[in-house]
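The values are calculated or read from the model by the stated rules, or taken from the named source; none is laboratory data. Note that the coordinates shown come from a computational prediction; the quantities given were computed from them, not determined experimentally. No Cβ is skipped: glycine too gets one built from the backbone with ideal geometry, and neighbour counts run over all protein chains shown.
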Amino acid sequence: MDFDLSREHQALRKLVREFAEEVVKPATRQADRTSQPPTEVIKQAGEIGLFGVPFPREYGGMGAGETGYCILMEELGRVDTSFATIIGAHIGIGTMAIYLGGTKRIREKYLPDLCSGKKIAAFALTEPQAGSDAASIKLRATKEGDSYILDGSKMWITNGPMASTMAILAVTDPALGARGGATAFVASTRDDDGNPIEGFTPGKFEHKMGLHGSPTSAIAFDNFRVPAENILGQTGLGFVVFMQTLDIGRVTLGAATLGGAQAALQQSLEWAAMRTQFGKPLAHAQTIQFMVADMAAEVEALRSLVYRTAWLVDNNRPFIKEAGMCKLLGSEYASRCVDRAVQIHGALGYSRDTFIERGFRDSRIAEIFEGTNEIQRILIAEQMFREVGVKIRP
Ligand SMILES: Cc1cc2nc3c(=O)[nH]c(=O)nc-3n(C[C@H](O)[C@H](O)[C@H](O)COP(=O)(O)OP(=O)(O)OC[C@H]3O[C@@H](n4cnc5c(N)ncnc54)[C@H](O)[C@@H]3O)c2cc1C
């Protein structure tokens with residue numbers, strides 16, 4: 001067993017850490033306060049190749065695989081969950097769906113601009129009536145000559161207000177339901193000047209508890225035309241492409257939560273070593289020590305799980321159960337670690353001037369998006385029972 005990262009992956013970690021500390025971090029407070037994405041930072045991330053980390057070089061990527069992508073997300077998660085969410089939606093679900101389901105022609109057409117950050121991607125699955133029950137989507141795609149016409153809406157789409165390329169799941173055969181009658185498409189939703197293409201309307205920014213720097217909106221399609229050659233995977237089997245994409249996304253969401261938990265631990269250690277009450281640093285209080293020990297144990301367990309699961313992905317081994325665990329444990333550990341960090345910082349942890357307060361608001365969402373934790377428990381149990389020959393879902 002070799003737990004060392006390759007030289008290339010170590011160099012990637014160094015590159016991302018410097019970028020995160022020097023470029024992302026200084027922009028995060030402004031993005032949180034104004035609820036505006038840091039567009040200049042996004043542009044710079046694209047320029048140094050971060051948007052292409054997991055994708056093959058032939059499509060303009062860095063070729064660093066899932067392990068490299070986890071490194072990227074962990075390092076971004078350490079400084080800002082909002083920025084990590086923008087990048088995660090762009091790479092891990094938006095572009096990943098296009099890569100997994102796209103033909104060579106589609107990959108060659110869309111990936112270079114997505115890997116360089118010239119274009120931003122989104123992943124459009126959720127609808128008002130279709131959250132956890134993703135198979136109840138209604139957005140309709142009707143064949144008309146060499147095109148499909150999309151009508152309907154999606155909601156809660158990360159990067160929805162700014163993306164110009166989208167992976168969209170739509171119903172092509174209502175009689176078969178989403179599992180056999182939904183098709184995935186890639187579509188350009190904005191022209192080269194950034195204007196919405198006819199038939200596409202990005203909604204207004206959602207006001208959220210946290211993740212203020214990460215834009216989320218509803219999106220609407222009205223008589224929106226997509227060429228039939230833009231189908232991802234096969235007609236009627238788009239649900240498979242979307243679910244496979246989410247499986248991969250969950251590993252790296254685990255990596256982003258690892259970064260958040262690690263940052264909360266680090267700041268708690270530093271604060272407890274410095275802050276003196278009753279004549280001694282807080283570090284001397286056993287209650288504080290216990291909180292720090294629990295955080296450290298969770299961070300370490302999560303790190304092993306995330307990087308082992310990335311190894312499974314990179315080595316073409318089954319990983320669905322472990323991916324669900326990365327998302328489930330990562331989100332719960334991160335929420336708990338940030339909660340303890342607030343407690344250790346006392347009033348300062350409740351102040352809007354600290355990373356801790358923002359981390360507390362920002363971390364909660366990981367228990368909800370990309371499949372709630374209740375759904376992850378169902379998926380993991382399903383895999384476990386399958387291993388002993390019991391089918392718990394049709
Ligand atoms: C900030 C943010 C960004 C997002 N980004 C995207 C995006 O980029 N693309 C996209 O497509 N979607 C996105 N989403 C949507 C997200 O994936 C959904 O919110 C999520 O899947 C849950 O759906 P829901 O909110 O409708 O909750 P519901 O499905 O209504 O669930 C409500 C509660 O009931 C529980 N529940 C539901 N069914 C069951 C069951 N069978 N058994 C037990 N418990 C159950 C859930 O676990 C949850 O606790 C985003 C959401 C947010 C808030």
Exercise for the section: State which residue pairs qualify: first residue among the small types (G, A, S) and inside the range 297-308, second residue not in a helix (DSSP H, G or I) in any location, beta carbons under 9 Å apart, and separation of 6 or more residues or different chains. Expected result: S304/F3
Practice task
Please verify whether the range 323-334 includes one or more residues that are buried (at least 22 other Cβ atoms within 10 Å of the Cβ), away from the ligand (no atom under 12 Å from the Cβ) and more than 19 Å from the chain's Cα centre (by Cα).
Solution key: no
Fill in the blank from the handout: So, first residue not assigned by TED's automatic domain parsing to the domain that holds R308 in the range 1-18, second residue β-branched (V, I, T) and part of a loop (DSSP other than H, G, I, E, B), Cβ within less than 8 Å, six or more apart or across chains; the pairs are L12/V53; L15/I48
Problem - Qualifying position, being within 16 Å of the ligand (Cβ to nearest atom), surrounded by fewer than 21 Cβ atoms within 10 Å (Cβ to Cβ) and charged (D, E, K, R), among E270, E206 - result: E206
Completion exercise
Condition set surrounded by fewer than 13 Cβ atoms within 10 Å (Cβ to Cβ) and within 16 Å of the ligand (Cβ to nearest atom), scope the range 378-394, selection modelled with the highest pLDDT: answer is I392
Exercise for the section: Quick one: count up the residues across the range 10-36 that are over 14 Å from L76 (Cβ atoms), surrounded by 15 or more Cβ atoms within 10 Å (Cβ to Cβ) and within 20 Å of the chain's Cα centre (by Cα). Expected result: 2
Exercise for the section: Could you grab me the full set of residues in the range 141-157 that are within 15 Å of I231 (Cβ to Cβ) and in contact with a Leu (Cβ under 7 Å, 6 or more places away or on another chain)? Expected result: A141, L150
Exercise for the section: Find all pairs meeting these conditions: Cβ atoms under 7 angstrom apart; at least six residues apart or on different chains; first residue within the range 70-81 and closer than 13 Å to C326 by Cβ; second residue surrounded by fewer than 24 Cβ atoms within 10 Å (Cβ to Cβ). Expected result: C70/Y307
Exercise for the section: Run down F221, F242 and say which single residue is touching a Gly at 6+ places or on another chain (Cβ under 9 Å), within 13 Å of the ligand (Cβ to nearest atom) and hydrophobic (A, V, I, L, M, F, W, C). Expected result: F242
Practice task
Please tell me if L348 is part of a helix (DSSP H, G or I) and either without any contact (Cβ under 8 Å) to a residue 60 or more places away in the chain or surrounded by fewer than 17 Cβ atoms within 10 Å (Cβ to Cβ) (or both).
Solution key: yes
Fill in the blank from the handout: Heads up, the strands (runs of 3 or more DSSP E) in the range 177-279 (entirely inside) with at least 2 residues that are within 18 Å of L150 (Cα to Cα) and hydroxyl-bearing (S, T, Y) are 182-188
Problem - Flag for F360 being surrounded by 19 or more Cβ atoms within 10 Å (Cβ to Cβ), within 16 Å of the ligand (Cβ to nearest atom) and touching a residue at least 12 places away in the same chain (Cβ under 8 Å) - result: yes
Problem - Some residue of the range 92-103 being more than 15 Å from the ligand (Cβ to nearest atom), more than 25 Å from D151 (Cα to Cα) and surrounded by fewer than 24 Cβ atoms within 10 Å (Cβ to Cβ) - result: no
Handout entry: Residue match in the range 342-355 (condition: more than 14 Å from the chain's Cα centre (by Cα) and either within 11 Å of the ligand (Cβ to nearest atom) or closer than 20 Å to D247 by Cβ (or both))
Key = no
Problem - Residue in the range 144-158 that is surrounded by the most Cβ atoms within 10 Å (Cβ to Cβ), counting only those that are of a type outside the set (V, I, T) and near the ligand (Cβ under 7 Å from one of its atoms) - result: K154
